[in-house]
1. If each of Arg211 and Lys104 carries a label point 7 Å out from its Cα toward its Cβ, how far apart are those two points in nm?
2. Peptides 146-153, 24-31: what's the order by average Cβ count within 10 Å, highest mean first?
3. So for the pair Ser299, Thr371, with labels modelled 7 Å out along Cα→Cβ, what separation do we get in nm?
4. Starting from 0.36 nm per residue, how many nanometres of slack lie between Phe363 and Ala309 once their C-alpha separation is accounted for?
5. Taking Cα pairs under 8 Å and at least six residues apart, what relative contact order does the chain come out at, in percent?
6. Between Leu339 and His88, what FRET efficiency follows from the Cβ-Cβ distance if R0 is 30 Å, with the result rounded to 0.05?
7. For every other residue with a beta carbon closer than 15 angstrom to the beta carbon of Ser299, add +1 if it is Lys or Arg and -1 if Asp or Glu, then tell me the sum.
8. Can you pull the one-decimal nm distance between simple spin-label points at Glu23 and Glu44, each 7 Å off the Cα toward Cβ?
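The values are calculated or read from the model by the stated rules, or taken from the named source; none is laboratory data. Everything numeric in this text was worked out from a predicted model, so none of it was measured. Positions of Cβ are generated from backbone atoms using ideal geometry, with glycine treated the same way; all protein chains shown enter the neighbour counts. Just the protein is used for accessible areas: all its heavy atoms, side chains included, with ligands, DNA and RNA removed. Shrake-Rupley method; radii C 1.70, N 1.55, O 1.52, S 1.80 Å.
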Amino acid sequence: MTGRASGIAGSDDRQVAARRAVEALRAGVPSRAAVAALGAAQTEIEDRFTTLLEQVGEGQAQPARPGGLLVGGGFGAGKSHLLEHLTHLAVQAGFVVSRVVVSKETPLHDPAKVFRAAAESAVLPRGYERGSAIAEAASMLDPESAAWAELSRWVSASHSGLNERFAATLLLYGRFAANDGELAEAITRFWSGDPIRVTELRRRLREAGERYPLPAVPARELARQRIRFAARLFAAAGFPGWVVLFDEVELIGRYSVLQRGRSYAELARWVHRDGTTNQGIPLVSVLAMTDDFEAAVVSGKNDREVVPAKFRARQTQEWDETAGRAELGMRIIDREMVLLAPPDSAELDRAYVRLKDLHGEAFGWDPPDVTGLERLAGTRMRQYVRAWINEWDLVRLDPEFTPDTEVAGDAVAAASDYREDSELEGGDGAAN
């Protein structure tokens, strides 16, 4: 009796999971269940991504090698679906994974807000809750281990490019965290993006018989340092590294010239490692944006000429460097974007068979074959999927009905909006 009841419960669970996947696919929402059901079928991008993971896992991260990918596709082409698939691959490989959606609250040009979003969304592959990844990873560290010693050497080395706050807080964490929960929390919150009181930090250092210079550091630069530190912290805790996935990067096309330029520079930092401070950082990033961005924004708004000229007119070394990185970011968009491959006939056949089985499991029936949409070059996978599901729904309700689905309107053309809107730029992070 117990075994039969358990079997029924298991069947019910599978049916509920299948129905959730169907509803997510119908709505075009890349839920975990939907992505697991359909897969990704983006072989080139998946191969490049797994190669980056392998290089990081083998300790081959080098400043000359790109540390990330920029992928492009039209509205409904499956960019968010792909990112969910890559999330699954990274978690399976043991990486800490963050998902960041570029938005008003998380503008790409603001490293402080981007880091905060990445830290808060970070998930450890061992099932810890969101928002606690850095603290959980820190709690796994053993101050007597070789990994701790290596992290301490790197943090204190000049080539790490880190402010002395990181070496000081790591030292205090190693000595006192086990017996001083309040101090441990203050330190991990600092590593996660919160400010830390310099007067209190100096006091605790004096108690430990240590002294560190703690010079001021701009908020933008401190955020970039936190990114590098967090990646090394995750590695010291036993994970291969950190993967950060960005969605809706095309929103930067609606920023003003100044913030677009800064965003191009930040894009370059994420995709290309540059300088000795990035050597050996176990960090992989993937950024997804619309495939018409270069034509509509970089070329369409003449950013190649306007952005560098605007920055260099300020005649400071910092703005000259930002201009150079912005130019690199625009070249990456122009030359290195990897486009999502449209579904070919074999992929459509495979997806159709999988969805037919899934719909049958979700609703407890044997779906007949349906026609769906005519297979045309410009049709998105999302449109095929929705048509198949809707036609099966109709036939299930009326077995005598013969559905005939057509695509209405030009949803793809209407989706790209690059009109400037200063409200979408957010604000700069405050100093820490």
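1. Here the modelled spin labels are 5.0 nm apart.
2. On the way: 146-153: 14.4, 24-31: 17.9.
By packing density, highest mean first, the sequence is 24-31, 146-153.
3. The answer from the label model is 3.8 nm.
4. Details: separation 54, 0.36 × 54 = 19.44 nm, distance 6.03 nm.
My answer for the length gained is 13.4 nm.
5. Computed value for the chain: 27 percent relative contact order.
6. On the way: r = 22 Å, r/R0 = 0.72.
Efficiency, rounded to the nearest 0.05: 0.90.
7. Combined, the nearby Lys, Arg, Asp and Glu give -3.
8. The modelled label-to-label distance comes out at 3.7 nm.
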